[in-house]
Amino acid sequence: MAASARGREAKPNDARYLDGLNDEQRDAVLTTEGPVLLLAGAGTGKTRALTSRIAHLLASGLARPSQILAVTFTNKAAREMKDRVRELVGDGMEGMRWLGTFHSIAAMILRRHAELAGLKSTFTILDADDQIRLAKQVIIDAGLDEKRWTGRGLAAVIDGWKNRGLTPEKTPKNEAYFFAEGRAIDLYRTYQSRLIALNAADFGDLLVHTVTIFQERPDILEEYHARFRYLLVDEYQDTNVAQYLWLRLLAQKNRNICCVGDDDQSIYGWRGAEVENILRFEKDFPGAKIIRLERNYRSTPAILGAASGLISANKERLGKTLWTDRNDGEKVRVRGVWDGEEEARTISDDIESEQARGRPLADMAVLVRASFQMRAFEERFNAVGLPYRVVGGPRFYEREETRDAIAYFRLVRSQDDDLAFDRISNKPARKLGGQTMQAIHSFARARGISNMAASRELIASDELSGVGRNALRKFIEMVDRWAREAPNFSPRDLAELILEESGYTDHWRHSKSAKAGSKLDNLKEVVQAVSEFDTMAAYLDHVALVAEHNEGQADGQVWLMTLHAAKGLEFPVVFLPGWEEEIFPSKRAIDEGGAPALEEERRLAYVGVTRAKEDCRISFAANRQVYGQWRAQMPSRFIDELPEEHVEVVSEPGLYGAAADDFASHSRFDGARLEEDTYYDNPGWRRARKAQHRPAAQPPMIEGRATSVSVSAPGEAKFVIGARVFHQKFGYGKVVAAEGQKLTVDFDHSGPKRVIDTFLDAG
């Protein structure tokens, strides 16, 4: 493309859409010819640049509304784009029908050529539930065990293939073992045949069918080349392979494609997004112009400096550095606390302090890596009456898996609990079909008894079929056994027993759903919550009160959400708890994902920091009770990557005594590195620790100066003052002070240190 064409600036006399744009945004708007990658950092005004570009194409006469294809990922983003363009050009956008999500536009194209995919133009688009039901039918008809090979699992595998643009014929043969011991591709083929017979398509088909049509019918592809003069793509870093292929096919002739995205915010690999799509833009479109939007209009210099320093550790990125002309704001605060409960309490206290100074609750957000972390904050907020709002999903005690687990516990406590019975009697599936359940309900109503009582009478009669009666008998025997054994178990052990023997844990353990991992984590968190009560009855009463608390409030609430749900949002004050190894980055990323997964975790950390406008506070716990066991935590590697000049350590001198103060002087910056300095002397310490698979005894108790330590770990110490003990890292020493399980040990070679007794052996 000639330089004169690339720099073409057809500007109408009243180009008010250019008002207030910075130089880079203006360049993005006026560079209309040829491929353009708008590399837009967080808070740099990319939406304004994108909508102004559309306004320019329309107002300058470069394209009619019907000649512009603009795609987004969400309906909300599409509506916002339309509204902004309408504000800029008014009636000039009438007829712009090709602005929408990938799936909505692909559906429009597919309906025009449905017969080429074996469909009628009136085809039905199945939602997720319909897809799972259809997959379940395919599994049953194939004679497979539907408990082991679930419809949800097959649907997830097929969705993964469609995200990669793979039809049954193109799926690699070795991937047949992804499901049902080598039968996955055959099941996929059957699933697709059923869709055709139903005159239906699922969401993945909308793109895969269209890509196939474009590849097999060049004449039809040419029709769309002639139709679309300009293509614009928002959030390009989140595209999967199918979306990438679809866009490349549409753009390959005119090459007037403008992709807007940020490789540093590609955080959806788990649902098929490929960061490589944006990284190879210049290779896909030779001669492409890259415009970097780096001026941030959201955050303070310290927040931007911390975020830029953190993300610079990633190798697979195009590179940019955010900056601002602001000169206000505090440094990013890093705080180490004793344990997870202390972390929740400290953050809650900080929120109340900010509120007392006049800051609205809605200005503050707590962003966690995983949904199971929310429980501690919900418990604390409820305890102090702090209103909060969970975004991107239900509250912890409203989640499907949490409610299912609690329903099991309720039924064991009270067998007259019909609501609990109905919820879990056939969950996971036990061949208690609709007819069996209807018979139970009718029998119970006719005699005025509970469903459990009705079930007992029915299995003693001949009113139920053999399959239903046997399934019901096994379920009742299971509940009876749990009720008998309950007095002999601790609440935690009883909870684990019920979830394991019922098959509910295995249900999610074998699920191929992308959410299965988080659901298992939430079940473990339920067990952890149960362990904090003396009886199961006390826990269930607590849950009932928590569920009722804070209902019906809409405004004036703290935001609580995962980091994934926070993308695209911004808040004056952001709290980022749980920055610890195996929590953030996640254990799954460390153990299974390799370098790409760790880089995505780091991008997620970058997203978290850049949500903050004025105040960013990062915290981690030295110890955490994980699934009932105390564990010493390692601070996240991401804390070590925060630039020293942009970070302030929040601490109270003397809290751990002189030994801790002495230790802090050896860390990289006064107390933020709450790990032994020996780890930092060796640049390869993390790789070495991973290679050794971490010894059975956990790493030493993390020391340093925290804001407060007022929570004692449950239980009594195993060692009395004066006892000789041995620690795997510190060697031999003598107990000089004790507070519950928290001990101060004067080690022979390393001096006084605070440790938890579970990390010590008798010396």
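The values are calculated or read from the model by the stated rules, or taken from the named source; none is laboratory data. Note that this is a predicted model, so its numbers are computed, not measured. Don't worry about glycine lacking a Cβ; one is built from the backbone with ideal geometry, like all the others, and counts go over all protein chains shown. Protein only, heavy atoms only, side chains kept; ligands, DNA and RNA dropped before computing areas. Shrake-Rupley method; radii C 1.70, N 1.55, O 1.52, S 1.80 Å.
Here are the numbers:
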{"item": "Pick from segment 302-322, criterion in a loop (DSSP other than H, G, I, E, B) and hydroxyl-bearing (Ser, Thr, Tyr), ranking: surrounded by the fewest Cβ atoms within 10 Å (Cβ to Cβ)", "result": "Thr321"}
{"item": "Restricting segment 386-424 to residues that are small (Gly, Ala, Ser) and in contact (Cβ under 8 Å) with a residue 24 or more places away in the chain, the residue that is farthest from Ile476 (Cα to Cα)", "result": "Gly392"}
{"item": "One residue from Gln355, Gln435 being part of a helix (DSSP H, G or I), closer than 25 Å to Ala566 by Cβ and without any contact (Cβ under 8 Å) to a residue 60 or more places away in the chain", "result": "Gln355"}
{"item": "Matching option when the condition is over 30 Å from Phe533 (Cα atoms), open to solvent by 20 Å² or more (accessible area, probe 1.4 Å) and out of contact with any strand residue (DSSP E or B) (no Cβ under 7 Å at 6 or more places or on another chain), among Glu463, Glu500", "result": "Glu463"}
{"item": "Search result, residues across segment 201-230 that are buried (at least 17 other Cβ atoms within 10 Å of the Cβ), of a type outside the set (Ser, Thr, Tyr), over 30 Å from the mean Cα position of the chain (by Cα) and outside any helix (DSSP H, G or I)", "result": "Phe228, Arg229"}
{"item": "Residues (assigned to a loop (DSSP other than H, G, I, E, B) and open to solvent by less than 10 Å² (accessible area, probe 1.4 Å)) located in segment 231-252", "result": "Thr239"}
{"item": "Residue, nearest to Ile140 (Cα to Cα), within segment 151-177, restricted to residues that are in contact with a Ser or Thr (Cβ under 6 Å, 6 or more places away or on another chain) and open to solvent by 30 Å² or more (accessible area, probe 1.4 Å)", "result": "Arg152"}
{"item": "Single residue of Glu601, Glu614 found to be open to solvent by 20 Å² or more (accessible area, probe 1.4 Å) and modelled with pLDDT of 90 or more", "result": "Glu614"}
{"item": "Among residues of segment 62-75, those that are more than 12 Å from Glu235 (Cβ to Cβ) and either among the hydroxyl-bearing types (Ser, Thr, Tyr) or open to solvent by 60 Å² or more (accessible area, probe 1.4 Å) (or both), counted", "result": "3"}
{"item": "Residue ID - modelled with the highest pLDDT, chosen from residues in segment 511-549 that are among the hydroxyl-bearing types (Ser, Thr, Tyr) and open to solvent by less than 20 Å² (accessible area, probe 1.4 Å)", "result": "Tyr539"}
{"item": "Lone qualifier among Arg292, Arg255 - being outside any helix (DSSP H, G or I), among the basic types (Lys, Arg) and surrounded by 17 or more Cβ atoms within 10 Å (Cβ to Cβ)", "result": "Arg292"}
{"item": "Enumeration of residues in segment 324-352 that are over 26 Å from Pro301 (Cβ atoms) and either assigned to a loop (DSSP other than H, G, I, E, B) or more than 25 Å from the chain's Cα centre (by Cα) (or both)", "result": "Trp338, Asp339, Asp349, Glu352"}
{"item": "Residue list for segment 149-183, filter: within 17 Å of Ala514 (Cα to Cα) and either outside any helix (DSSP H, G or I) or of a type in the set (A, V, I, L, M) (or both)", "result": "Trp149, Thr150, Leu154, Ala155, Ala156, Val157, Ile158, Arg164, Phe179"}
{"item": "Within segment 483-514, tally of residues that are in a helix (DSSP H, G or I), under 25 Å from Asp145 (Cβ atoms) and not basic (Lys, Arg)", "result": "11"}
{"item": "Checking Lys120 against (1) part of a loop (DSSP other than H, G, I, E, B); (2) more than 24 Å from Ala273 (Cα to Cα); (3) in contact with a Leu (Cβ under 8 Å, 6 or more places away or on another chain); (4) not acidic (Asp, Glu), the condition it does not meet", "result": "(3)"}
{"item": "Residue that is modelled with the highest pLDDT [pool: residues in segment 419-432 that are open to solvent by less than 50 Å² (accessible area, probe 1.4 Å) and part of a helix (DSSP H, G or I)]", "result": "Phe421"}
{"item": "Pairs, first under 16 Å from Leu207 (Cα atoms) in segment 162-177, second part of a loop (DSSP other than H, G, I, E, B), C-beta under 6 Å, six or more apart", "result": "Asn163/Asn240; Asn163/Gly272"}
{"item": "Extreme residue, surrounded by the most Cβ atoms within 10 Å (Cβ to Cβ), among residues of segment 732-763 that are out of contact with any Phe, Trp or Tyr (no Cβ under 6 Å at 6 or more places or on another chain), modelled with pLDDT of 75 or more and small (Gly, Ala, Ser)", "result": "Ala738"}
{"item": "Residue count, segment 323-341 (criterion: basic (Lys, Arg), within 26 Å of Phe377 (Cα to Cα) and surrounded by fewer than 24 Cβ atoms within 10 Å (Cβ to Cβ))", "result": "2"}
{"item": "Selection count where residues are surrounded by fewer than 18 Cβ atoms within 10 Å (Cβ to Cβ), at pLDDT 85 or above and part of a helix (DSSP H, G or I), scope segment 439-451", "result": "4"}
{"item": "Only listed residue being within 27 Å of Ser104 (Cα to Cα) and among the aliphatic types (A, V, I, L, M), chosen from Leu144, Leu195", "result": "Leu195"}
{"item": "Lone qualifier among Asp145, Asp186, Asp130 - being at pLDDT below 90, over 22 Å from Leu245 (Cβ atoms) and part of a helix (DSSP H, G or I)", "result": "Asp130"}
{"item": "Residue in segment 464-473 that is modelled with pLDDT of 85 or more and at positive phi present", "result": "no"}
{"item": "Of all residues making up segment 34-86, the number that are within 24 Å of the chain's Cα centre (by Cα), in a helix (DSSP H, G or I) and over 18 Å from Arg97 (Cβ atoms)", "result": "3"}
{"item": "Single condition Val368 does not satisfy, out of (1) open to solvent by 40 Å² or more (accessible area, probe 1.4 Å); (2) modelled with pLDDT of 90 or more; (3) of a type outside the set (Phe, Trp, Tyr)", "result": "(1)"}
{"item": "Number of positions in segment 258-286 that are open to solvent by 10 Å² or more (accessible area, probe 1.4 Å), within 23 Å of the chain's Cα centre (by Cα) and either on the phi > 0 side of the Ramachandran plot or in contact (Cβ under 8 Å) with a residue 60 or more places away in the chain (or both)", "result": "7"}
{"item": "Residues that are buried (at least 20 other Cβ atoms within 10 Å of the Cβ), of a type in the set (A, V, I, L, M) and farther than 17 Å from Ala495 by Cβ, drawn from segment 387-405", "result": "Val390"}
{"item": "For Thr122: the one exception among (1) of a type in the set (Val, Ile, Thr); (2) at pLDDT 90 or above; (3) surrounded by fewer than 19 Cβ atoms within 10 Å (Cβ to Cβ)", "result": "(2)"}
{"item": "Of the criteria (1) open to solvent by 20 Å² or more (accessible area, probe 1.4 Å); (2) within 28 Å of Asp234 (Cα to Cα); (3) hydrophobic (A, V, I, L, M, F, W, C), which one Leu110 fails", "result": "(1)"}
